[in-house]
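Written below as structure tokens is the structure these notes are about.
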Amino acid sequence: GLERLYLSDNGMTSLPPAIGGLTALAYLNLDNNQLAALPPELGNLTALRWLRLNGNKLAALPPELAKLAKLQRIYLRQNQFASVPECLKELPLLEDISLSGNKLTAVPDWMTALPKLRQLDLDGCPVAKLPANLDGWKTLQVLSLVRCPISDEEKARIRAAIPKVHVAF
């Protein structure tokens, strides 16, 4: 029946597969550990709505996380991601994604099709350009691109394409 689990700042290098048995979890905080990988059993946490993984050593997420159909918020700041995890495109309720401080150089086209996305944080990522078609971001409210190497021309294109979105450069 456990719904919230805070395991931040514990120096953990791995999670036991038994964590997949906590099927009532709605909130899981694993911030600031030493996690380089996550067990596929994390995909069993189908009640999960918030997942915090900031400040770890993650470069990928297990594809089983695509089963987290209720996930609304995922925080992946300060990890080792070189690309946006593909499993996120299967999560229809995602509203808030934070990928700041990662090694991302591109934003995949599928991100503009996430039906409920409201906030996207890419601060400090070496992203220089967004997808060509930004029309899909109908629900986006906040886009943070602070400390990203975005050209003035690209900034103007973004502002024109999504004028109602608060964009921070």
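The values are calculated or read from the model by the stated rules, or taken from the named source; none is laboratory data. Worth saying up front: this structure is predicted, and the values here are computed from it rather than measured. All Cβ positions, even for glycine, are placed from backbone atoms using ideal geometry, and neighbour counts span all protein chains on display. Just the protein is used for accessible areas: all its heavy atoms, side chains included, with ligands, DNA and RNA removed. Shrake-Rupley method; radii C 1.70, N 1.55, O 1.52, S 1.80 Å.
Check off (1) part of a loop (DSSP other than H, G, I, E, B); (2) surrounded by fewer than 17 Cβ atoms within 10 Å (Cβ to Cβ) for residue 79 and give me the number that stays unchecked.
The single condition residue 79 does not satisfy is (2).
Just to verify a result, which residue in the range 38-58, among those that are small (Gly, Ala, Ser) and more than 15 Å from the chain's Cα centre (by Cα), is most open to solvent (accessible area, probe 1.4 Å)?
Within the range 38-58, the subset small (Gly, Ala, Ser) is 43, 47, 55.
Narrowing the set further to residues that are more than 15 Å from the chain's Cα centre (by Cα) leaves 43, 47.
Numbers: 43: 1, 47: 27 Å².
Across the range 38-58, the extreme among qualifying residues is 47.
What are the pairs, 6+ residues apart or on separate chains, where a residue within the range 110-122 that is under 16 Å from residue 166 (Cα atoms) and assigned to a strand (DSSP E or B) has its Cβ under 9 Å from a residue that is open to solvent by 50 Å² or more (accessible area, probe 1.4 Å) and of a type in the set (S, T, N, Q)?
As it stands, the answer is 119/141, since those pairs meet every condition given.
Kindly provide the set of residues from the range 148-166 that are open to solvent by 30 Å² or more (accessible area, probe 1.4 Å) and not hydroxyl-bearing (Ser, Thr, Tyr), ordered by number. Give the steps one after another, and end with the answer.
Our first condition is that a residue be open to solvent by 30 Å² or more (accessible area, probe 1.4 Å); within the range 148-166, this holds for 149, 151-153, 155-157, 159-161, 163-164, 166.
The answer is 149, 152, 153, 155, 156, 157, 159, 160, 161, 163, 164, 166.
The rows are residues; the columns are (1) outside any loop (DSSP other than H, G, I, E, B); (2) touching a strand residue (DSSP E or B) at 6+ places or on another chain (Cβ under 8 Å); (3) farther than 19 Å from residue 109 by Cα.
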| site | (1), (2), (3) |
| --- | --- |
| 125 | no, no, no |
| 128 | no, no, no |
| 134 | no, no, no |
| 140 | no, yes, no |
| 146 | no, yes, yes |
| 150 | no, no, no |
| 153 | yes, no, yes |
| 157 | yes, no, no |
| 160 | yes, no, no |
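From the list 88, 48, 71, 94, which one is more than 27 Å from residue 133 (Cα to Cα) and either in contact with a strand residue (DSSP E or B) (Cβ under 9 Å, 6 or more places away or on another chain) or in a strand (DSSP E or B) (or both)? Walk me through how you get there before you give the answer.
Working: 88 fails: more than 27 Å from residue 133 (Cα to Cα); 71 fails: more than 27 Å from residue 133 (Cα to Cα); 94 fails: more than 27 Å from residue 133 (Cα to Cα).
One residue alone meets the criteria, 48.
Of all the residues that make up the range 22-37, how many are surrounded by fewer than 16 Cβ atoms within 10 Å (Cβ to Cβ) and within 18 Å of residue 81 (Cβ to Cβ)?
Final tally of qualifying residues: 3.
If you take the residues in the range 4-21 that are touching a strand residue (DSSP E or B) at 6+ places or on another chain (Cβ under 7 Å) and of a type outside the set (S, T, N, Q), which one is surrounded by the most Cβ atoms within 10 Å (Cβ to Cβ)? Working first, answer last.
Step one: list which residues in the range 4-21 are touching a strand residue (DSSP E or B) at 6+ places or on another chain (Cβ under 7 Å), which gives 4-8.
Pick out the ones that are also of a type outside the set (S, T, N, Q) and you get 4-7.
On the way: 4: 11, 5: 14, 6: 12, 7: 16.
The qualifying residue surrounded by the most Cβ atoms within 10 Å (Cβ to Cβ) is 7.
Kindly indicate whether residue 65 is at pLDDT 95 or above, open to solvent by less than 60 Å² (accessible area, probe 1.4 Å), under 25 Å from residue 123 (Cβ atoms) and of a type outside the set (D, E, K, R). Before you say what the answer is, go through the steps one by one.
Values: at pLDDT 95 or above: yes; open to solvent by less than 60 Å² (accessible area, probe 1.4 Å): yes; under 25 Å from residue 123 (Cβ atoms): yes; of a type outside the set (D, E, K, R): yes.
So residue 65 fits the description; yes.
Of everything in the range 92-120, what is among the aliphatic types (A, V, I, L, M), surrounded by fewer than 21 Cβ atoms within 10 Å (Cβ to Cβ) and within 14 Å of residue 73 (Cα to Cα)? Give them in sequence order.
Residue satisfying the conditions is 93 alone.
Which residues, counting only those in the range 1-21, are in a loop (DSSP other than H, G, I, E, B) and among the hydrophobic types (A, V, I, L, M, F, W, C)? Reasoning before the result, please.
Here is the first cut: in the range 1-21, the ones in a loop (DSSP other than H, G, I, E, B) are 1-3, 7-16.
Within the range 1-21, 2, 7, 12, 15 meet the criteria.
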